[in-house]
1. Can you tell me which residue within segment 102-158, out of those that are surrounded by fewer than 12 Cβ atoms within 10 Å (Cβ to Cβ) and among the hydroxyl-bearing types (Ser, Thr, Tyr), is nearest to Ala82 (Cα to Cα)?
2. Tell me, please, whether a residue that is closer than 18 Å to Arg147 by Cα and aliphatic (A, V, I, L, M) can be found in segment 102-112.
3. So for segment 75-85 (the condition being without any contact (Cβ under 8 Å) to a residue 40 or more places away in the chain, polar (S, T, N, Q) and assigned to a helix (DSSP H, G or I)), does at least one residue qualify?
4. Looking at this structure, is Val144 in a strand (DSSP E or B) and within 16 Å of Ala53 (Cβ to Cβ)?
5. Within segment 98-120, is there a residue that is of a type in the set (D, E, K, R), in contact with a Cys (Cβ under 6 Å, 6 or more places away or on another chain) and either at negative phi or at pLDDT below 90 (or both)?
6. Restrict the check to segment 131-153 and report whether at least one residue is of a type in the set (Gly, Ala, Ser) and either in contact with a Gly (Cβ under 8 Å, 6 or more places away or on another chain) or modelled with pLDDT of 90 or more (or both).
Amino acid sequence: MTGVASRAAEAATAGPRPRDAGSAIVEFCLLAVLLLVPIVYLTLALGRIQAGAFAAQGAAREAGRAFVTAADEASARGGADAAAAIAFADQGFSEPSHIGIDVTCAPSPCLTPDGRVVVRSRVLVVLPGVPRLADRFFPARVEVTARHVSTVDRFRSR
């Protein structure tokens, strides 16, 4: 009986092939491309936004440090701008219209001992691959801001 069963199984599999044989590979490739392209773009966009967050936080922190360690207020502003520019450029943001810092201080002379200096930084992150024309219809830019408070050394000479 085993011989009859094996011949019946061979006859069932030896018939004509179905018309959709091999289409699973094509369907898999099509679905893989349709799913992977948005995932790759999302990864690139989120990576660029994260770089903007790193740049904004680093620029605020370094500008604050440069400001409170400067000898006088005139050189402090220039040092803060230079430190922020280096921090922005480190993450690939160097366009002047997309970056900026704002330094404010509570005491009347900014570098008063134990005084607080607040630095706010902003960077405009342009999403990759989005043309400028599309910016009119949906937001293609994300503004990332950061704030850092630095304290002037208490034992600083007046």
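The values are calculated or read from the model by the stated rules, or taken from the named source; none is laboratory data. These numbers were taken from a predicted model, which means no experiment stands behind them. Cβ placement follows ideal geometry from the backbone for every residue including glycine, while neighbour counts extend to all protein chains displayed.
1. Taking the candidates together, the pick is Thr104.
2. Checked against the condition, which is being closer than 18 Å to Arg147 by Cα and aliphatic (A, V, I, L, M), segment 102-112 yields at least one hit.
3. Yes, there is a match, as at least one residue in segment 75-85 is without any contact (Cβ under 8 Å) to a residue 40 or more places away in the chain, polar (S, T, N, Q) and assigned to a helix (DSSP H, G or I).
4. Details: in a strand (DSSP E or B): yes; within 16 Å of Ala53 (Cβ to Cβ): yes.
Spelling it out, Val144 is indeed in a strand (DSSP E or B) and within 16 Å of Ala53 (Cβ to Cβ).
5. no
6. yes
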